[in-house]
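Here's the structure, in structure tokens; my notes come after.
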Amino acid sequence: EAGLRSSFRRIDNDYLVEEFFDATWNRLANLSNDFNYDEDIHALYANVGNKINKFSYQLGVRVEHSRVLTELLQTGEENDRTYTKIFPSAFMTYELPNENNIQVSYSRRLRRPRFWDLNPFFTFSDSRNIFRGNPNLDPEFTNSFELSHIKYWDKGSISSSAYYRSSTGVIERI
């Protein structure tokens with residue numbers, strides 16, 4: 001299996017706060033926000049799998065090129081995040097006697113910051129809840145390793161697994 005996937009996202013967030021004073025609407029600059037978000041993601045992927053006797057495997061790779069451009073129009077603040085990354089994956093299964101399988105797997109994933117995570121403008125829900133994004137956020141990357149056992153019966157199955165995940169660049173709320 002192989003393929004190409006592209007996605008394009010454009011969000012223009014024009015948030016205007018005005019105050020009515022002396023029969024005139026006046027823009028409150030410190031509370032208004034005009035923020036543009038442009039995201040282009042292109043991914044090329046390939047997977048191959050096979051079964052040889054009691055051993056089966058699936059190997060995959062995805063190469064992804066991402067470009068995220070944010071712009072706060074009031075200040076002219078622009079931030080361009082462009083990167084190309086490789087994401088491999090591997091799943092290997094061995095059939096044991098008595099309808100038991102053991103599987104080992106590895107995968108690398110990413111979590112991109114979302115639109116609101118990158119918008120540097122303050123949003124006030126109330127006097128105690130203030131949210132502001134960080135346009136300098138990079139994606140979070142996770143390497144996952146897993147060892148699983150599966151037992152099959154005629155009417156069902158049960159599985160157990162142990163896993164380890166290591167993440168870098170973790171996106172956190174403060």
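Given (1) open to solvent by 80 Å² or more (accessible area, probe 1.4 Å); (2) more than 18 Å from Asp138 (Cα to Cα); (3) outside any loop (DSSP other than H, G, I, E, B), identify the lone condition not met by Thr75.
(3)
For the range 42-54, enumerate the residues that are more than 21 Å from Arg5 (Cα to Cα) and in a strand (DSSP E or B). Break it down into steps so the answer makes sense when it comes.
From the range 42-54, those more than 21 Å from Arg5 (Cα to Cα) are 50-54; that's our starting set.
Across the range 42-54, the qualifying residues are Asn50, Lys51, Ile52.
Quickly run through the range 118-129 and pick out the residues that are more than 20 Å from the chain's Cα centre (by Cα) and part of a loop (DSSP other than H, G, I, E, B). Talk me through it step by step, then tell me what you get.
Step one: filter the range 118-129 for residues more than 20 Å from the chain's Cα centre (by Cα), giving 121-129.
Once the filter is applied, which keeps residues that are more than 20 Å from the chain's Cα centre (by Cα) and part of a loop (DSSP other than H, G, I, E, B), the range 118-129 yields Phe121, Phe122, Ser127, Arg128.
Which numbered condition in (1) under 30 Å from Arg10 (Cβ atoms); (2) open to solvent by 70 Å² or more (accessible area, probe 1.4 Å) is the only one that Leu137 fails?
Among (1) under 30 Å from Arg10 (Cβ atoms); (2) open to solvent by 70 Å² or more (accessible area, probe 1.4 Å), Leu137 violates only (2).
Specify which of the listed residues (Arg111, Arg128) is of a type in the set (D, E, K, R) and touching an Asp or Glu at 6+ places or on another chain (Cβ under 9 Å).
On the way: Arg128 fails: touching an Asp or Glu at 6+ places or on another chain (Cβ under 9 Å).
One residue alone meets the criteria, Arg111.
For the range 132-167, enumerate the residues that are within 13 Å of the chain's Cα centre (by Cα) and either among the β-branched types (Val, Ile, Thr) or not in a strand (DSSP E or B) (or both). Walk me through it before giving the result.
Step one: list which residues in the range 132-167 are within 13 Å of the chain's Cα centre (by Cα), which gives 137-142, 167.
Leu137, Asp138, Pro139, Thr142 - these are the residues of the range 132-167 that are within 13 Å of the chain's Cα centre (by Cα) and either among the β-branched types (Val, Ile, Thr) or not in a strand (DSSP E or B) (or both).
Residues being more than 28 Å from the chain's Cα centre (by Cα) and open to solvent by 60 Å² or more (accessible area, probe 1.4 Å): count how many of those fall in the range 9-25. I'd like the intermediate steps shown before the answer.
Taking the range 9-25 and keeping what is more than 28 Å from the chain's Cα centre (by Cα), we get 16-25.
Those still in the list that are open to solvent by 60 Å² or more (accessible area, probe 1.4 Å) too: 16, 18-25.
Selection size over the range 9-25: 9.
Would you mind stating whether Glu39 is in a strand (DSSP E or B) and either more than 26 Å from the chain's Cα centre (by Cα) or of a type in the set (S, T, N, Q) (or both)? Walk me through how you get there before you give the answer.
Working: in a strand (DSSP E or B): yes; either more than 26 Å from the chain's Cα centre (by Cα) or of a type in the set (S, T, N, Q) (or both): no.
The answer is no for Glu39.
Pairs under 9 Å by beta carbon, first residue farther than 30 Å from Arg67 by Cβ in the range 120-143, partner assigned to a strand (DSSP E or B) and open to solvent by 80 Å² or more (accessible area, probe 1.4 Å), six or more apart or different chains?
That search, which allows pairs on different chains as well, returns Phe124/Ile130.
So that you can scan it fast, the table gives a plain yes or no per residue for (1) within 30 Å of Val48 (Cβ to Cβ); (2) part of a strand (DSSP E or B); (3) hydrophobic (A, V, I, L, M, F, W, C):
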| residue | (1), (2), (3) |
| --- | --- |
| Glu71 | no, yes, no |
| Arg81 | no, yes, no |
| Ile86 | yes, yes, yes |
| Ser89 | yes, yes, no |
| Thr93 | yes, yes, no |
| Asn101 | yes, yes, no |
| Ser105 | yes, yes, no |
| Trp116 | no, no, yes |
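Give all pairs with beta carbons closer than 8 Å in which a residue from the range 67-82 that is closer than 11 Å to Asn36 by Cα meets a residue that is of a type in the set (A, V, I, L, M, F, W, C) and at pLDDT 90 or above; count only pairs at least 6 apart in sequence or on separate chains.
Hits for this filter: Glu78/Leu69; Asn79/Leu69.
Return the pair list, or none, for Cβ contacts closer than 8 Å from residues in the range 42-57 that are loosely packed, with under 12 Cβ neighbours inside 10 Å to residues that are charged (D, E, K, R), at least 6 apart or on different chains.
Filtered contacts from the range 42-57: Val48/Glu1; Lys54/Glu95; Phe55/Glu95.
Name the residue, out of Asp80, Asp38, that is exposed (fewer than 14 other Cβ atoms within 10 Å of the Cβ), within 15 Å of Arg112 (Cα to Cα) and in contact with a Leu (Cβ under 7 Å, 6 or more places away or on another chain).
Values: Asp38 fails: exposed (fewer than 14 other Cβ atoms within 10 Å of the Cβ).
Going through Asp80, Asp38 in turn, the sole match is Asp80.
The values are calculated or read from the model by the stated rules, or taken from the named source; none is laboratory data. These numbers come from a predicted model, not from an experiment. With ideal geometry, Cβ positions are generated from the backbone for all residues, glycine too; neighbour counts draw on all protein chains shown. Calculation scope for accessible area: heavy atoms of the full protein, side chains included, ligands and nucleic acids excluded. Shrake-Rupley method; radii C 1.70, N 1.55, O 1.52, S 1.80 Å.
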